[in-house]
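**Q** One structure coming up, written as structure tokens, with questions to follow.
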Amino acid sequence: EEVPDAVIPAASKKITSISSPLRAIVRLRRRHRGLKKSRLHLELPREKPAEFVHTRLLQRQLSLNRTSLYSPSMSFFNQSGFESSQYFTFDTSVEHYSVKKCRRKKSRRKSRMVLYPDKTKKYLPAEEKSKAKRCLLLLIAIIFFQILNAIENLDDNLQKYDLDGLEKTMHREVFGQKVAVESIVELLKDYLATHIHNKPLVISLNGPTGVGKSHVGWVLAKHFRSVMDNDFVLQYFVMHHCPSGVAPLTCEIDLSKKISDMVTRAEIEEKTPLFILDEVELMSPVLLDTLSRFFEPNQTNEFLNAIYILISNLGGAEITKFVIQNASTELLHQQRGAEELLSIIQPVLVSVHPLWKATNIVPFVLLEKSHVINCFLEQMRREGLYPDQKHIENLANQLSYYTTGDKQYSSMGCKQVVAKVNLL
């Protein structure tokens, strides 16, 4: 049958209207492949499952069948090309992925940059913490707290004995012995800062008569009785506790028992007992041997925590001679003068008994006339008398002095002050 001429243009129009979307689809597919090639550095998408791809193809076929209802020529075209050609989808095949993967490997060889996947997290390698570092920090903390505790204990012990108040009292009541007072207080502070010692504290007060040695012992006894207890302070006078008629062995037993009992009680209450031994130059060798055993470092702990004050006139002649010879110089007020004086006194004391090797010797120098006048003022104040300056100077002039240049040193110190004041 002959087809009319009017029908042919209409069919060609339909074919061109159908082929234009196909050409658009081809162009989109080619553009999509170009974009895929330019994005080789990105991560390959995961492969779709086969069931999902099959469903997408069925949906595409259904859509084409629907269009065939309206245009039979289009259905014929699709039926012939559906089996032979691949339709554009956003899902690519495994072969296409393998080709792109090979190309990415080649491009990676050319570039030195390391590309990490976008979806992976980047972590630094875990640092291994050392246990030794923790132990070291713990040890440092323990040492710090131990030092802090020790410092607090030092302050507590010094506050308990009130050594600052003792120093003020001694400077106020002891005249002309500033260096000796400072030495005694310094030794007490160093020893009483802790309750653990390796040897007892032994202080020897040596000097001529009347220079204030016994008065210092009296001040120490009064102060320690006020801060501790009367049971932990012992004043031992040789002429009173061990007179000349008593056997030395009896005195030794009595002194040993008193020291042992007091030390034992003081250790229980964690206190430091004070023993003031006056007139030591009158002690027999037996008593000196007994004392030397208590001064030894190799003892039990309670005998190491004790303070012994030895008062004697031994070395007084050497001190008097040294002071008179150096009165015109400032040697007595310098450290070099104190060291030189100690080097003179110590051999004299060691020759009497070896126990002075382990003692801290504190020399008491001669008193000047101004110091004697202060002794008169203090004694008159205690007796409740009016301190007349002229009367005091007259009383001071009645004493004997060593005159060297413009200075006068009392030969008897303040020994006769009490007797002179009692006669008023």
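The values are calculated or read from the model by the stated rules, or taken from the named source; none is laboratory data. Nothing here was measured: the structure is a model prediction, and the numbers come from that model. For neighbour counting, all protein chains shown are included, and Cβ atoms are generated from backbone atoms with ideal geometry for every residue, glycine included. Side chains included, ligands, DNA and RNA excluded: accessible areas come from the protein's heavy atoms. Shrake-Rupley method; radii C 1.70, N 1.55, O 1.52, S 1.80 Å.
**Q** Could you order peptides 377-387, 267-277 by the average number of other Cβ atoms within 10 Å of their residues, highest first?
**A** Taking the mean over residues of other Cβ atoms within 10 Å, the ranking is 267-277, 377-387.
**Q** Using R₀ = 60 Å, calculate the FRET efficiency as 1/(1 + (r/R₀)^6) where r is the Cβ-Cβ separation of Lys37 and Phe145; round to 0.05.
**A** Calculated transfer efficiency: 0.25.
**Q** Gln235's amide H: which non-local residues (gap 5+, or another chain) put their own amide H closer than 5 Å, with H modeled 1.01 Å from N in plane and none for Pro or chain starts?
**A** Hits under the 5 Å cutoff: Ile276.
**Q** Which of the peptides 288-298, 314-324, 239-249 is most tightly packed, and how do the rest follow, going by the mean number of other Cβ atoms within 10 Å of each residue?
**A** Answer by packing, highest mean first, reads 314-324, 288-298, 239-249.
**Q** Another question, then. With every protein chain present, what is the per residue accessible area of segment 372-422 (1.4 Å probe, Å²)?
**A** Solvent-accessible surface per residue comes out at 59 Å².
**Q** Please report the carbon-and-sulfur percent of the accessible area for segment 158-365; probe 1.4 Å, protein heavy atoms only, DNA, RNA and ligands left out.
**A** Taking all protein chains in place, segment 158-365 shows 54 percent carbon and sulfur surface.
**Q** Let me ask another. Using a simple charge model, +1 on the beta-carbon of Lys and Arg, -1 on the beta-carbon of Asp and Glu, nothing else, what dipole does segment 372-422 show about its Cα centre, in debye to the nearest 20?
**A** For this selection, approximately 120 debye.
**Q** In whole angstrom, how long is each semi-axis of the equivalent ellipsoid of segment 158-365, when you take the square root of 5 times every eigenvalue of its Cα gyration tensor and sort them from largest down?
**A** Calculated on Cα positions only, the semi-axes equal 27, 21, 15 Å.
**Q** Further question: Kirkwood Rh and Cα-based Rg: tell me the resulting Rg over Rh for segment 372-422, rounded to two decimals.
**A** Using only Cα positions, Rg/Rh for segment 372-422 is 0.98.
**Q** Let me ask something additional. Over 20 Å between C-alpha atoms is what I'm after, so list which of Lys199/Lys271; Lys168/Lys199; Lys168/Lys420; Lys160/Lys258 land there.
**A** Correct reply: Lys168/Lys199; Lys168/Lys420; Lys160/Lys258.
**Q** For Glu302 and Gln335, calculate 0.36 nm times their separation in residues minus their Cα-Cα distance, and state this gained length in nm to one decimal.
**A** Extra length from Glu302 to Gln335 when fully extended: 8.4 nm.
**Q** Size of the dipole of segment 158-365 about the Cα centre, Lys and Arg at +1 and Asp and Glu at -1 on the beta carbon, nothing else charged, in debye to 20?
**A** 200 debye
**Q** Roughly how many Å² is the accessible area per residue of segment 158-365, as a whole number, for a 1.4 Å probe?
**A** 46 Å²
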